[in-house]
Structure formats: C-alpha cells, structure tokens
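Since the structure comes first, as structure tokens, the remarks are kept for the end.
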Ligand SMILES: Cc1ncc(COP(=O)(O)O)c(C=O)c1O
C-alpha cells in the first residue's frame, strides 16, 4: 500500500478497509464472503431474499423482455427518476404509508436505498455534526455520518424489551452538536417494529430540539402478527424535517434491480434534485421500467411474506430450545437475532459455525456496541424453505455442541 497517497486522503476515508491489504470479515466488503460460498458454505449473512436462487416473478420477466425489445433501455432516465414510476410510488405511499406527496416534487429515485441513505444525510451532515443512531442497527448507519465528516453516536435500545426505543437514552446523548436522528424502522438486525407511542415520543424529541430525521423503511412490507407500521414522517411536525428512505430490494425481493426512493418536503427535495446528477447519476432505466410493473402488480409480495413467516416460526421453534441461546419471535423481515453471549464471544462463534455447520451468519458486533454477543441470521435465503430449515438445524446442532462443552 502506498502510504503517502493514503495519507493525502481525508481521515474519515483513509481508515476504510476494502479487503485488498487486509482480510475483512464483513459480508458486504471485499470478496471473503463470496469465497466462502464457493467452498459450499450456506450464505446466511446476506440480506437478499432467496439468495442465491432465481426469484423473478413471471410477469416481471415477461415485462422485462417486452421493455428490452422496445429498445428504450439503452437511454438514460432523468437523474431524479422516471415520472411514471414516481406516480405509482405516490399511490403506494398514500395507500400504505398514509403519506400524501406530489410525485413530481417529493420523490427521487435512487440506485438502491444504500446510496439513497447517504444522499439523504449529505445536505445536513458535515464536520462535527452528531447523528444519533439507535444501537443495534444497520451498520451503514454508523459509518455514513463518519464518511460525511460527522460523528455517529450510538443510542442503546432496550435490549430486555425487544430493543424498543428508550427516549431517556436519546435525551442523555443529546448535545449542542446533535443534528440528526437516523432510524431504521423496522429495525435491522433486531426486527423490531417500533411502536406508535415510542415513535410519537421520538418525534416530539426531534421537533423540540429542532433536529432532522432520516428514516430507513427498507423492511416495511414484511411485518408479522398485524403489527402497525408507522411512517414517522406522518407524525405531527415531522413532514418538514424527515427524509424517508425506501427500497424494492427487501419486501419485493428485487435487490438486483437496484431501485430505491427518497421522500421529502419541497425544501429538502429541491436540494436533492439539484445534486442528483453529480451524486446519484441516474438509476438504471430497465430497472425503473420493471419497477413500475412491480408496483402495479405486487401480489407476489404476499407469497414472499408467507415464506418468510414459515421460516421465522421454524427458526424460533428450533433456536428457543438450544441451551444458551435467546431469541425473540421475529417481528418483521426475513432474519433472526440470536443472543449467544452465554456461549462465548460472537466473533469466535461466527467462525466456529462456518467450520462446524457450514453456515455463514453475521457477528452482532457489526451492528453497534450492543450487538456484541449476538448473531444475525438471514433465514429468507434460498427459494425452497427446506434448504433454509436444513441450515437452521445444522446451526442449532453446532450451537448445542458448544452448550454441551460448557456443561449447559
Ligand atoms: C436496513 C437496510 N437499509 C438499506 C439497505 C440497502 O438496501 P438496497 O440498497 O438494496 O435498497 C439494507 C440492505 O441490507 C438494509 O438492511
């Protein structure tokens, strides 16, 4: 590595490790994770529904062929996104999120929601700004503020109450530099769907201290047991100070399309429109045209959700019987969160499970300080339920082996 070139970089970038000079254990950095797949390990640390099996619904496949034959996808879409797609999204926002927006003014299409998340923060966060990030939550939430020169401040969730919001913890972390609350709802990795009363408290906190809220709702369409999904932007005082981040990767299982979208008021969106070509380029034209079809005919999402429902029940049933493992019934998404702290260090357990169970899951430490001692397991991988069940059983057997060795 050329140190003198590296030293010219900004401090918040020069420390990044992409796997070229060191081995990086993170699933989404470098190639170490895919190397495991080549060795036949089950990839259960990759939040990609039905990965690695083919899963494009038939009507979308037909539509893709039709669109390609039409020839238009060789051209750009405007950097702010396809208008027809935004009209479909506005209908969905009204129907499902109770958000009334003007598709021409309040929606921008992004190449997936990861880039959207960073872009949503970019106009607000710079040197010295502090971003309150619930802990545990999505790893990008902690890195994004740092990439922009700011500081992410982990705010512990209530671990003993399925990681609900603890407003007193937010108050404790508030300083004169606090600029933003960055929330993932439903939360990845804990699957928590935040309660209306907790979000109302958080919204009051945000308004009272004149903060901005960025909320990532990537998992909003996979929610179980009739829980209520509240979009925080709809709560009093929040519309003007919230950027809502959405994706078709998770609920619609279309991660490879790379389509996400941001929703915000005119004041914020004017700036996001203004910088779109420089920061986002433009989202893939074919993907956007296919996404229109997905929003018009989204019935396949129900089938996906019933698969995820079967799997969470199976995983809960199996892991809750393993000594030394604690699991809450997943409230959303296609993952489960296991507290294995009684069995040892979570990093060592991840490596042990790769060796013994041929399963790769995520070390909870990546999700914030409170994640230490926990594992995140994606149970929504593979198209066939049985393949996921088999991997769950292998993992449970290996964990039972650990418990036995500890005399549990
Ligand atoms: C909470 C959350 N937000 C956003 C993303 C990014 O998804 P995409 O860029 O595919 O929309 C992920 C992916 O794992 C995620 O877990």
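List of remarks:
- Hits in the stretch 237-261 - residues which are within 15 Å of the ligand (Cβ to nearest atom), over 14 Å from the mean Cα position of the chain (by Cα) and more than 17 Å from residue 63 (Cβ to Cβ): 243
- Residues satisfying the stated conditions in the stretch 170-223, i.e. over 12 Å from the mean Cα position of the chain (by Cα), within 16 Å of the ligand (Cβ to nearest atom) and part of a loop (DSSP other than H, G, I, E, B): 192, 193, 194, 221, 222
- Residues considered: 271, 277. Of these, the only one that is closer than 21 Å to residue 215 by Cα, surrounded by fewer than 24 Cβ atoms within 10 Å (Cβ to Cβ), away from the ligand (no atom under 15 Å from the Cβ) and more than 21 Å from the chain's Cα centre (by Cα) is 271.
- Qualifying residue in the stretch 271-285 (condition: assigned to a helix (DSSP H, G or I), more than 18 Å from residue 116 (Cβ to Cβ), in the same structural domain as residue 191 (by TED's automatic domain parsing) and in contact (Cβ under 8 Å) with a residue 12 or more places away in the chain): no
- Taking the criterion of being in a helix (DSSP H, G or I) and touching a residue at least 40 places away in the same chain (Cβ under 8 Å), the residues of the stretch 286-303 that qualify are 286, 288, 289, 290, 291, 292, 293, 294, 295, 296, 300, 301.
- Residue pairs meeting the criteria (Cβ under 7 Å; at least 6 apart or on separate chains; first on the phi > 0 side of the Ramachandran plot, in the stretch 175-202; second at pLDDT 95 or above): 191/330; 191/331; 191/332; 191/333; 191/335; 191/337
- Checking the stretch 396-407 against the condition returns a match, with at least one residue being surrounded by fewer than 23 Cβ atoms within 10 Å (Cβ to Cβ) and assigned to a loop (DSSP other than H, G, I, E, B).
- Restricted to the stretch 26-133, the set of helices (runs of 4 or more DSSP H) holding at least 3 residues that are surrounded by fewer than 17 Cβ atoms within 10 Å (Cβ to Cβ) and assigned by TED's automatic domain parsing to the domain that holds residue 268 comprises 83-92.
- Test: residue in the stretch 252-262 that is closer than 23 Å to residue 48 by Cβ, touching a helix residue (DSSP H, G or I) at 6+ places or on another chain (Cβ under 7 Å), without any contact (Cβ under 8 Å) to a residue 40 or more places away in the chain and crowded, with 17+ Cβ neighbours inside 10 Å: yes
- For the stretch 334-345, the condition holds for at least one residue, the condition being that it is part of a loop (DSSP other than H, G, I, E, B) and closer than 24 Å to residue 248 by Cβ.
- Some residue of the stretch 135-156 being more than 27 Å from residue 363 (Cα to Cα) and either in contact (Cβ under 8 Å) with a residue 40 or more places away in the chain or within 15 Å of the ligand (Cβ to nearest atom) (or both): no
- For residue 124, the conditions (1) touching a residue at least 40 places away in the same chain (Cβ under 8 Å); (2) within 16 Å of the ligand (Cβ to nearest atom); (3) touching a strand residue (DSSP E or B) at 6+ places or on another chain (Cβ under 8 Å) are fulfilled apart from (2).
- As for the stretch 364-378, it holds no residue that is more than 30 Å from residue 133 (Cα to Cα), outside the structural domain of residue 153 (by TED's automatic domain parsing) and at pLDDT 95 or above.
- Check on residue 32, under 27 Å from residue 265 (Cβ atoms), without any contact (Cβ under 8 Å) to a residue 24 or more places away in the chain and away from the ligand (no atom under 16 Å from the Cβ): no
- Boolean, residue 226 is modelled with pLDDT of 95 or more, away from the ligand (no atom under 14 Å from the Cβ), touching a helix residue (DSSP H, G or I) at 6+ places or on another chain (Cβ under 7 Å) and part of a loop (DSSP other than H, G, I, E, B): no
- Qualifying residue in the stretch 314-321 (condition: at pLDDT 95 or above and within 15 Å of the ligand (Cβ to nearest atom)): no
- Residue in the stretch 304-333 that is nearest to the chain's Cα centre (by Cα), counting only those that are assigned to a loop (DSSP other than H, G, I, E, B) and exposed (fewer than 15 other Cβ atoms within 10 Å of the Cβ): 320
- Scoring residue 226 on the criteria (1) out of contact with any strand residue (DSSP E or B) (no Cβ under 9 Å at 6 or more places or on another chain); (2) touching a residue at least 12 places away in the same chain (Cβ under 8 Å); (3) surrounded by fewer than 24 Cβ atoms within 10 Å (Cβ to Cβ) leaves a single failure, condition (2).
The values are calculated or read from the model by the stated rules, or taken from the named source; none is laboratory data. Predicted, not measured: the structure shown is a model, and the values here were computed from it. Note that we place each Cβ from the backbone using ideal geometry, even for glycine, and neighbour counts take in every protein chain shown.
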